[in-house]
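Report on the following structure.
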Amino acid sequence: MDKKAISESIDNGIGKFAAEASVAVEDISELFDVSAYPAEMHDILTECNRRLDEANSKYRIAKYREDMFAKGLKAGMYFCTFDRDENMLSFEFNDETRQMLGYDGLEDLPDEFESWVKTLVPEEKDAIVKLFWDSVRIHRELPDITHATYRMQKKDGSIIWVTGAGRFIRRPDDGSLEIYMGCYRDITAQQELEEYLKIIEAIGKIFNFSMFIDVNDMSYRMISTNEYVEKVPKDPDAIRFLRNNVASSVAKSFRKRLYEWLDKDKILEAINEHGTTSMEFYSESAQRWYDGIFMVGDRNEDGSLAHIVYGCQDTTEAKLQNLAQQKKISEFETEMYTDSLSKIRNRKFLDEKLIYEPCKAVVMADIDLFKEVNDTAGHQCGDEAIRRVAQILDKSVRKGDVVIRYGGDEFMIVFFDITRENLENKLAKLRSEVGKTVFENNRDLRITMSFGAAYGTELVSNLIKTADKALYESKKTRDTYTIIEI
C-alpha cells in the first residue's frame, strides 16, 4: 500500500487520530565516521559504534519514559522496540494498564503484542491493528507524537473508551523506528452522544454525501450533502431515502444490486461481522463513480450498534488511474491469464481474478468420453477438439461473461447477469453446436458435451461445488445439461 493510501486509511479509520511534534532528546554521543579512518581501524570503530548506539538507545528510552510520565498520562502505558528493519522486537505494559483493564499481573496479561490485540473490541480489532501498523509504516512522514481514541475490552468483557498519546522514537543516524511508546487513560464517562457526532462529522468531511443513522428507527441526521441528493424527495427512513437516491441518479445497470444491498438487516449483519460494507456504483446525474459505504457510528453500553454512518465517496479519479495502470499491464496479463492451447482464460485467472466475484450462474462442462477421442483419433485430434469447443463456448457468451479452461477437457463458464430461462436456452444451444462439430482430418469423429450449472446470485467460489454436482448428474447420461438452482 502506498503512503497516500495509508494516510487516507488512517484519516478514515475508527475513532480519532492526530499527531504532533515532540521535543528532541539531546546529549546523544555521536558515532564515529568510519570512512574518515584507515581501513585497519574499521573493525574496532564499528564495534565502538555498536556500543555507543546501544548506550544511546538506553539513554533515549530512559529520557522518553521520564518525559511521558511527566506529561501526567501515567494511567496506562505500553512500550515496544523495533530493529533497524522496523520489525517489532518487544512489547510491554505497565502495571497501571493491567489494573485499568482488570488483569492481575504479568501472567494474566503477558508482555506480548497479541495481548494488546486481545484487549481490543472484536468488531474493531482489525481496523485498529491496521491503524497501528499503518502509522508505523509511515512514521517518517508523521510528527513524533500521535493521539488516538478508541475502545478496549476489559477482562470481564465490559467495554471502555480510552484516549492517549504515542511517541515515535527514531534512531538519529538513519531515521528508522527504534521505539514506539504510548500511554492512555479511561475516558468512558466523557463519551456522550455529542462526542460521537463530532467524530462522525470529522469523518464525514471526506464524503461527498453522508448521514448519521439511528439503528432503532432508521431516522437520520444529514452530515454532508450535494446538489443531486438535495433534489431527491426526503423520507424519514434512511433506507427508503437512499433507495430514492438510487432511483433518481444511479445508472440503471447498478440499481438492482444497490436495492438488494440497501437492506437494513443485511447492512447491520455486515457491519457487526466486518465493521463496514460497501458497494460501487455509477451516477448518471454526476457522471462520476462512487463507493457507498456503511460503517460503525457508535454503540450502546452492551456493545450493540446504536448508530451507523452512511458515506458516499467519489472514486472517479482513483478508478481512472487504475484503468491507466491496467492498460499498461494488459498485455502481460493477457499472456499470463490465457491458456496456451485453447486461447481462452486459464485456471490462474479464475484463482486470482474471478473466484470471489459475485455472479448469477457458474457452468461446469466437459467433453464426453474424451479419453476415447485421444485413444482412437490421436492426441492431436484431441487438442483440436479442445480448441474447437473453446471457440464455440467463447463465441456464445456476452463480452462481460467469462469462459475458462478449467483443466484437461473440462471448461467453466461464469455468467454475471442471466435469467434461468436464458441459461437453459444457452446450454441447449451449446450442446447442439458441439454435436455439429466437424473435424477436417477426421470427418467421422463426433463429440458431445455434458453441462452442469449452478444458478443463483452468489460468489463464484460458492457455486463451483454445486455446478460440479450438476455436471455429475449430466454425466450419467451424457450429451445433456442439468441446472441446480440455489
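The values are calculated or read from the model by the stated rules, or taken from the named source; none is laboratory data. Since this is a predicted model, take the numbers as computed values, not measurements. Cβ sites come from the backbone with ideal geometry, for glycine too, and all protein chains shown count toward neighbours.
When you scan segment 162-177, how many residues do you find that are closer than 23 Å to residue 50 by Cβ, touching an Asp or Glu at 6+ places or on another chain (Cβ under 9 Å) and charged (D, E, K, R)?
So the count comes out to 3.
List the pairs whose first member sits in segment 244-266 and is of a type in the set (Ser, Thr, Tyr), whose second member is surrounded by 14 or more Cβ atoms within 10 Å (Cβ to Cβ) and modelled with pLDDT of 90 or more, and whose Cβ atoms are under 7 Å apart, counting only residues at least 6 apart or on separate chains?
259/243; 259/246
In segment 375-430, which residue that is among the small types (Gly, Ala, Ser) and surrounded by 15 or more Cβ atoms within 10 Å (Cβ to Cβ) is farthest from the chain's Cα centre (by Cα)?
Initially, segment 375-430 is screened for residues among the small types (Gly, Ala, Ser), giving 377-378, 382, 385, 390, 396, 400, 407-408, 428.
In the following step, the residues that additionally are surrounded by 15 or more Cβ atoms within 10 Å (Cβ to Cβ) were identified as 377, 382, 385, 390, 396.
Numbers: 377: 50, 382: 42, 385: 41, 390: 34, 396: 34 Å.
Selected residue: 377.
Which pairs turn up if I take residues in segment 86-111 that are within 14 Å of residue 154 (Cα to Cα) and look for partners that are at pLDDT below 90 and in a loop (DSSP other than H, G, I, E, B) with beta carbon separation below 6 Å, at least 6 apart in sequence or on another chain?
96/75
Among the residues of segment 278-303, how many are more than 20 Å from the chain's Cα centre (by Cα), in contact (Cβ under 8 Å) with a residue 12 or more places away in the chain and either on the phi < 0 side of the Ramachandran plot or in a strand (DSSP E or B) (or both)? Outline the logic, then answer.
First pass over segment 278-303, keeping only residues more than 20 Å from the chain's Cα centre (by Cα): 282-288, 298-303.
Cutting the leftovers down to in contact (Cβ under 8 Å) with a residue 12 or more places away in the chain gives us 282-286, 288, 298-299, 301, 303.
After this cut, where a residue has to be either on the phi < 0 side of the Ramachandran plot or in a strand (DSSP E or B) (or both) as well, the list is 282-286, 288, 298-299, 301.
So the answer is 9.
Given the residues 285, 278, 253, 224, which is the only one that is among the small types (Gly, Ala, Ser), within 30 Å of residue 130 (Cα to Cα) and at pLDDT below 90?
Values: 285 fails: within 30 Å of residue 130 (Cα to Cα); 278 fails: at pLDDT below 90; 253 fails: within 30 Å of residue 130 (Cα to Cα).
Step by step, each of 285, 278, 253, 224 is checked, and only 224 is among the small types (Gly, Ala, Ser), within 30 Å of residue 130 (Cα to Cα) and at pLDDT below 90.
Name every residue in segment 136-151 that is modelled with pLDDT under 90 and in contact with a strand residue (DSSP E or B) (Cβ under 6 Å, 6 or more places away or on another chain), in order of residue number.
Residues satisfying the conditions are 142, 143, 144, 145, 146, 147, 148, 149, 151.
Kindly state which strands (runs of 3 or more DSSP E) lie completely within segment 379-478 and contain at least 2 residues that are touching a residue at least 60 places away in the same chain (Cβ under 8 Å) and of a type in the set (A, V, I, L, M, F, W, C). Don't jump to the end; show me each part of the working.
On the way: elements: 402-407, 410-415, 449-459.
Per the criteria, 410-415, 449-459.
Could you grab me the full set of residues in segment 104-124 that are within 24 Å of residue 179 (Cβ to Cβ) and buried (at least 19 other Cβ atoms within 10 Å of the Cβ)?
109, 115, 116, 119, 120
Here's the yes/no breakdown for (1) of a type outside the set (Gly, Ala, Ser); (2) at pLDDT 95 or above; (3) in the same structural domain as residue 260 (by TED's automatic domain parsing):
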residue	(1), (2), (3)
380	yes, no, no
414	yes, yes, no
432	no, no, no
445	yes, no, no
453	no, yes, no
461	no, no, no
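Which residue is nearest to the chain's Cα centre (by Cα), if the candidates are limited to segment 431-484 and must be among the acidic types (Asp, Glu) and surrounded by fewer than 14 Cβ atoms within 10 Å (Cβ to Cβ)?
Taking segment 431-484 and keeping what is among the acidic types (Asp, Glu), we get 433, 440, 444, 458, 468, 473, 479.
From what's left, surrounded by fewer than 14 Cβ atoms within 10 Å (Cβ to Cβ): 440, 444.
Values: 440: 51, 444: 54 Å.
Selected residue: 440.
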